[in-house]
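Notes for the one structure printed next.
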Amino acid sequence: MAKFKKKKSQPTPDSDNSKEESPKEEENNIPETENSETISPPTDPPIIESEKSEKDKKLNNLFWLRVSLAVIAGTAATFIFEDIEGEERRWASIAFMIIVFFGTIIVAKGMKMQLPSSDRKKIVTQAIGSYIFLYLFTWIVTYTLVHVGSVSSGINL
């Protein structure tokens, strides 16, 4: 059988009287709620419209810079890594893609964008998906077009 610990504390005084309290007394014992004013969380300082449009222009420029560099770097990777064979070519091209992307981060920091603290990561995340997919797409298409005649695929062109 399980052993239970005995209570060591003294019983509360007038414990019998607590059952006899009326509901009216309970209602009176409820403390009044404080009049709480609506407190908004701290926000960044308001951004002036001219600064906002300048920020949007710079982010737009960063987007198009990354898109154009993805196409240029993907095409260049076909010719730069021509002498490398096998898996090393793939990893060298991916490393080249990452290096060019870090270069765009440095350029973006040089643009001196006035971003609020909540948008600081936009320098890195702006157009990252477009950059990666356009780089890979351009690299694959240009590699295929350059080497279409050297591979015997059975398709006559």
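The values are calculated or read from the model by the stated rules, or taken from the named source; none is laboratory data. Worth saying up front: this structure is predicted, and the values here are computed from it rather than measured. Quick reminder, even Gly has a Cβ in these numbers, built from the backbone with ideal geometry, and neighbours come from all protein chains shown.
Taking the range 73-103 only, how many residues are surrounded by fewer than 14 Cβ atoms within 10 Å (Cβ to Cβ) and of a type in the set (Val, Ile, Thr)? Lay out the reasoning, then the answer.
At the first step, the residues of the range 73-103 found to be surrounded by fewer than 14 Cβ atoms within 10 Å (Cβ to Cβ) are 79, 82-88, 90-91, 95, 98-99, 102-103.
Next, from what is left, pick out any that are of a type in the set (Val, Ile, Thr): 84, 98-99.
The number of residues fulfilling the criteria is 3.
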Inset, instruction - Can you tell me which residue within the range 105-121, out of those that are in contact (Cβ under 8 Å) with a residue 40 or more places away in the chain and loosely packed, with under 10 Cβ neighbours inside 10 Å, is nearest to the chain's Cα centre (by Cα)? - result: Ser118
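Look at the range 97-141 and say how many of its residues are in contact with a Ser or Thr (Cβ under 8 Å, 6 or more places away or on another chain) and within 17 Å of Asn60 (Cβ to Cβ).
At the first step, the residues of the range 97-141 found to be in contact with a Ser or Thr (Cβ under 8 Å, 6 or more places away or on another chain) are 131, 138-139.
Add one more test, that the residue is within 17 Å of Asn60 (Cβ to Cβ), and what stays is 131.
Of the residues in that region, 1 qualify.
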Legend entry - Any hit, the range 29-44, residues being surrounded by 11 or more Cβ atoms within 10 Å (Cβ to Cβ) and either modelled with pLDDT under 95 or of a type in the set (Asp, Glu) (or both): no
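Filter the range 122-139 down to the residues that are under 17 Å from the mean Cα position of the chain (by Cα) and hydrophobic (A, V, I, L, M, F, W, C), then identify the one that is modelled with the highest pLDDT. Spell out the reasoning first.
First, the residues of the range 122-139 that are under 17 Å from the mean Cα position of the chain (by Cα): 122-132.
Then keep just the ones that are hydrophobic (A, V, I, L, M, F, W, C); that gives 123-124, 127-128, 132.
On the way: Ile123: 87, Val124: 88, Ala127: 89, Ile128: 92, Ile132: 95.
The selected residue is Ile132.
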Inset, instruction - Determine whether the range 85-104 contains at least one residue that is more than 23 Å from the chain's Cα centre (by Cα), small (Gly, Ala, Ser) and modelled with pLDDT of 90 or more. - result: yes
